[in-house]
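Report on the structure given below.
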Amino acid sequence: MRWNSKYNSIWLLVVLICSISFTTKLVTSEQVSAILENQRKNYTAGESISLDFGLSKTVHTQLFLHSSFGSILIDSDTGSFMLPDFISKKKGLLTYELLYGTKIIYKGVLKITANRNTAVQLETYIGPPSIIVGGTDYTMQVVIPTDVYDNPLPDSTAMDMRYQFLDKEKEIEVYTASLIGWHRIHSYDVSGRLLIASKVNEKTSKEFSVEMRPSLPSDFQIYSNRNHEYADGNQITEFTTSILKDEFGNIISNGTRVDFNIKTENNIVLHTQGSTVNGVATAKILAPDDQTRWQVKAYVSGMAESNVLNLEYKSVVDNFEVKFAKKNREIKVGPLLSFMDQLIPDGAIVSMEISKQGEFIEKKIQTSFLGEVVFRLHEGFYTSGDYDLKIKALGLKKEFRSIILQ
Amino acid sequence: MKIKNKNIYGLLVIGSFIGILIFVVFGVSQILSYLNSGADRSSMLHVELNKEEVYLPKVIWKDTTNPGRSMEKQTLLDIEKDYLNAWYVRHVAYQTNLINGIDEYYTTSARQHIVANIDTNRKNNVSVIGTTTDHNLSLNFYSTDGQLVGLRVTNVREYQSVYKDGKLLLETVEESDYQMLLLLEDGFWRIRHLIKEENQADKKGFIAKGNTQVIGNKIHTGGIEYRIKGINYYPQHTPWDMFGDDFEMSTISKDFDIIKDMKLNTIRIFVSYEDFGKANVKQEKLVKLKQVLDKAADKNLKVIVTLFDFYGDYSVLDWTLTHRHVEQIVTEFKSHPAILAWDIKNEPNLDFKTRGQEKVVAWLREIIHQIKKYDPYHLVTIGWSDIESARLLQNDVDIVSFHYYKNIDAFEEVYQELDDETDKPIILQEYGISSNRGLWNPLGASEGKQADYYKQFQEIVTKNSIHYMFWTLYDFEKIPNSVVGTLPWRKQKQKYFGCIDREGAKKESFEFIEE
């Protein structure tokens, strides 16, 4: 129920009056019939297709064509239509309607099939591009064979799928279905490169390759290498692995990361890592500066682990000298002597904790230079009074109580 | 005087300086924001595309088992999304003859076919406005590396209207099958091969097997001939907003009793497209509608449900959204015993002038098809506002309906003409007169006149045993602007069509309407 109803009646009246006052011209729609002169229904892509209609009267007609990728409308004054080549080249069902004005006077369907007589084009998709040895993983070769007009060849087109690996060469016949031909290639137990190709009729594809990569590493051994067994905080300990291999004996891929976890006597975990080259990973770590015992174990995270390696480090010094000078405000530690009584190499860490009447003030840390470390307690920071000092170097501790600073 | 001039100059200088400053700052900010656009990750990864729902055809995955790799749920969603987008951009391209978006959803070698078609159409000044409404997909193949899929889609319902030089030449509806290959490129599943194939479907018509049927030109329910004696119904306080916030089931129940006491057997109610949630129908609205229908069934009243009230787009690209709307409502109530018929839309012919008759009629025809697909058990009609339009789509509807507000004396003749022309049952779906004599309409009908009108009309419908539904039960207090506009004399008229006045007293006309 809307207001228009009343107004409509007024309008109708006006229209009625108008139509009486003007003479109307009647347009009679002519009856035109059409027959298709060539009853052929099947075409091969690339053939020129002409639809010739015999019309009962020569009039202007239009042809509506609906193909796979969309619709177009073409004109003719003679009733004869040459389909554009982008239509006649494309495989698929083509429905058409012949129009005279807005009237459909003929309807039909054509079927265009791929042209088997042209050179075959092969479109190949291979993936994944790398697979893991062992036979459970596989890659897939998918081939879309088409004619020169990019129409997929009909189902059940035979194609040869070929592949080569080491001394094996194989050829498999595959038939296309749903536009494609495809085939699975499972991996072997040996790593390497697989070469793949395919062939339809006389047309051969390019060469494709799929990398067969080693499987997961199996458990391995680790070894250590050091110049001496002293905890001098200076030498480097090197860890190496045995050659990492998968269960089939393939050396695992270069760059596989190996993590070395080191547990000290105090249950502190230290960490170093290395990547494999030709199956061997190497990692390095600085020696401790205090006698200790290390337990080392290496992992390829989530995949493999090594044996446990025990390493012992001996203390490098059994004593060191401390000298006080400049009213006790300059404290000289050293000379620090190593296992052969040589001066310890530069960089050994020496620390001194300063406290006053049981109250901690500061921890000074310095590295040795020419076997010596000098701590200076400046007047500006340390007023005169009694101080307690704790000096620590290479795992040894010395305590000095009530050192008087002036 | 001089000082005054000086001040004016000063103001001008300062004003123009500030103006230039504003202009420069605005310009610089515009340049900066332009340079910053397009580089963000969301636009590079295409994650923000198509947030708005523009194309929602019915998609059914019939089968996803395939000899290649087993399909993941997420990938299937991605494929479906890109598959539909490929259709959508193609529809838009053929409509506008521009190839925007085509390269996102078709590979280089596939898109050239579309480009060739569109070039031809552009040259011939042809545009093809089309849409596809149903897609039954099955997965032929999914490759191990997840980069290639083969699909078969059957019974794609394709509607196309062909315009040349702006004039409609042809409308076609076709069901087609396609075979296609899609490749995953740049994060898009792009169509590589698309091949139209012979449609294998067995074409069956929809036969109403439900409780309501049309046999000959008679309506039957439950095997018995049924004559509609009915009313167009809105509750008194919520006209044109029956299922809104003020929905009150007890009021509706009481009204149903009144209607029942009047010995009427049918009501006509209205479902607003927007109010019900457009393409995503709101559950709470369906619950309310169900309550009304259940109550009607309880009281032994039949209901004609008018859909798409206040809908007005009709554009072909909007079709699938309306299909989803209708699917959700109609599927929910396909076996409801209270429904006599679905009325597609109230007075769609009033939109002919603004939207174009072909567009409206094509939309109606397709909606009828959709309703029949989801609910073959109920009848379908269209509530034309005049008897002339009732000739349209006669073969598609089960019942022909029209509204009559013109001269009562001419009615019998025009009705007879229509009856001779059609072999379907006819409903006089709306008629009535407003008793709005007063300030805004001094020449309008009084309540007495309204009573005379009904007296005369009821005689005519009884004599010819015409299916009738008059307008309406109540006088209304408020008429929404969306119904008749804002002009007070129109609104005023619309308020007094009832046979019960605002206070709830029966008007003089009541006794003549009562059977």
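Readers should treat all values here as calculations from the given coordinates under stated rules, not as data from a laboratory. The model shown is predicted, which means the values in this text are computed figures rather than measured ones. Glycine gets a Cβ as well: all are built from the backbone with ideal geometry, and neighbour counts include every protein chain shown.
Among B:Ile18, A:Ile49, B:Ile479, the ranking by other beta carbons within 10 Å of each residue's beta carbon, starting with the fewest, stands as B:Ile18, B:Ile479, A:Ile49. For the stretch A:205-309, trypsin sites (Lys or Arg not before Pro) meeting the loop criterion (DSSP other than H, G, I, E, B) and having at most 16 other Cβ atoms within 10 Å: A:Lys206, A:Arg226. For the pair A:Ser156 and A:Ile404 in one chain, pulling the backbone fully straight at 0.36 nm per residue adds 79.1 nm over the alpha carbon distance. Derived scalar couplings between HN and Hα for the stretch B:333-338 equal 10, 5, 10, 6, x, 6 Hz in order, rounded to whole Hz, by the Karplus curve 6.51 cos²θ - 1.76 cosθ + 1.60 (θ = phi - 60°), x for Gly and Pro. Here A:Thr264 and A:Arg184 are evaluated by their C-beta separation; at R0 = 45 Å the FRET efficiency comes out at 0.30. Near B:Lys507, the amide H atoms lying under 5 Å from its own belong to B:Ile500, B:Asp501; only residues 5 or more places off or on other chains count, and H is placed 1.01 Å from N.
Cross-link partners for B:Lys164 among the aspartates and glutamates, with Cα-Cα distance under 19 Å and sequence neighbours closer than 8 places in the same chain left out: A:Asp75, A:Asp77, A:Glu97, B:Asp119, B:Glu358. Taking amide H as placed 1.01 Å from N in the peptide plane, A:Tyr43 has its amide H under 5 Å from the amide H of A:Lys111, A:Ile112, A:Thr113, each at least 5 places away in sequence or on another chain. At the listed q of 0.08, 0.12 Å⁻¹, the Debye profile of chain B, built from one uniform point per Cα, gives log10 I(q)/I(0) equal to -0.65, -1.11.
With 28 Å as the limit, the listed pairs A:Lys90/A:Lys199; A:Lys326/A:Lys363; B:Lys123/B:Lys278; B:Lys302/B:Lys424; B:Lys263/B:Lys290; B:Lys73/B:Lys359 have B:Lys123/B:Lys278; B:Lys73/B:Lys359 beyond it between alpha carbons.
Using only Cα atoms, what is the ratio of the radius of gyration of chain A to 2.2 N^0.38 Å?
Numbers: Rg = 45.8 Å, N = 406, 2.2 N^0.38 = 21.6 Å.
Against the empirical 2.2 N^0.38 Å value, I get 2.13 for chain A.
Legend: ranking of residues B:Phe333, A:Phe86 from fewest to most surrounding C-beta atoms inside 10 Å; resulting order A:Phe86, B:Phe333.
Rounded to the nearest Å, what's the spacing between the alpha carbon centres of the stretch A:82-117 and the stretch A:335-406? Just the number, please. The two parts, judged by their Cα centres, are 99 Å apart. DSSP loop (so not H, G, I, E, B), at most 14 other Cβ within 10 Å: list which GluC sites (Glu not before Pro) in the stretch A:257-366 pass both filters. Those that pass, being in a loop and sparsely packed, are A:Glu265, A:Glu321. The phi-based Karplus calculation (6.51 cos²θ - 1.76 cosθ + 1.60; θ = phi - 60°) puts the 3J(HN,Hα) values of the stretch B:467-478 at 5, 10, 8, 8, 10, 8, 6, 10, 6, 9, 8, 10 Hz, whole numbers, x for Gly and Pro.
With a cap of 16 neighbouring Cβ atoms within 10 Å, and only residues DSSP puts in a loop, list the chymotrypsin sites (Phe, Trp or Tyr not before Pro) found in the stretch A:300-358. Sparse-neighbourhood loop chymotrypsin sites (Phe, Trp or Tyr not before Pro): A:Phe339.
What the Cβ-Cβ distance of B:Gln357 and B:Leu98 gives, at R0 = 25 Å and to the nearest 0.05, is a FRET efficiency of 0.40.
Gyration tensor over the Cα atoms of the stretch B:325-430: the corresponding equivalent ellipsoid has semi-axes (square roots of 5 times the eigenvalues, largest first) of 25, 17, 12 Å.
Karplus-derived 3J(HN,Hα) values for the stretch B:379-392, using 6.51 cos²θ - 1.76 cosθ + 1.60 with θ = phi - 60°, are 7, 10, 9, 10, x, 5, 7, 9, 6, 5, 5, 4, 6, 6 Hz; glycine and proline are entered as x.
Per residue, the average separation of C-alpha pairs within less than 8 Å and at least 6 apart gives the stretch B:113-267 a relative contact order of 13 percent. For chain B, the relative contact order is 11 percent, taking Cα pairs closer than 8 Å that sit 6 or more residues apart in sequence and dividing their mean separation by the residue count. Three semi-axes describe the equivalent ellipsoid of the stretch A:292-368; taken as square roots of 5 times the Cα gyration tensor eigenvalues and ordered largest first, they are 38, 19, 11 Å. Taking a point 7 Å out from the Cα of A:Glu169 in the direction of its Cβ, none of the residues of the stretch A:202-235 has a backbone N less than 14 Å from it. A simple spin-label model places pseudo-atoms 7 Å from Cα toward Cβ; at B:Leu76 and A:Leu396 they are separated by 7.6 nm. Taking other C-beta atoms within 10 angstrom as a stand-in for reagent exposure, B:Asp241, A:Asp147 fall in the order B:Asp241, A:Asp147, fewest first.
What is the stretch B:209-353 by shape, rounded, prolate or oblate, if you read a ≥ b ≥ c off the alpha carbon gyration tensor as root eigenvalues and call it rounded for a/c under 1.5, prolate for a/b larger than b/c, and oblate otherwise? It comes out oblate by the Cα gyration axes.
Over the protein assembly as shown, the hull volume per residue, using the convex hull of the C-alpha atoms, is 384 Å³. Return one number: the angle in degrees, 0 to 90 and rounded to the nearest 10, between the long axis of the Cα atoms of helix A:4-21 and the longest principal axis of the Cα atoms of chain A. Once rounded, one gets 40 degrees.
Once R0 is set to 41 Å, what does the formula 1/(1 + (r/R0)^6) return for the Cβ-Cβ distance between B:His237 and B:Thr462, expressed as a FRET efficiency to the nearest 0.05? Given R0 = 41 Å and the Cβ-Cβ separation, E is 0.80.
Rounded, prolate or oblate: pick one for the stretch B:374-465, where a ≥ b ≥ c are the square roots of the eigenvalues of its C-alpha gyration tensor, a/c under 1.5 means rounded, and failing that, prolate if a/b is larger than b/c, else oblate. Because a/c hits 1.5 or more and a/b exceeds b/c, the stretch B:374-465 counts as prolate. Got a sec? Charge dipole of chain A, +1 on Cβ for Lys and Arg, -1 for Asp and Glu; which of A:Ile72, A:Val300, A:Ser33 is way out at the positive end? Projecting each Cα onto the dipole axis, the largest value belongs to A:Ser33. Shielding by partners for peptide B:107-119, expressed as the average number of C-beta atoms from other protein chains within 10 Å of each residue's C-beta, is 4.
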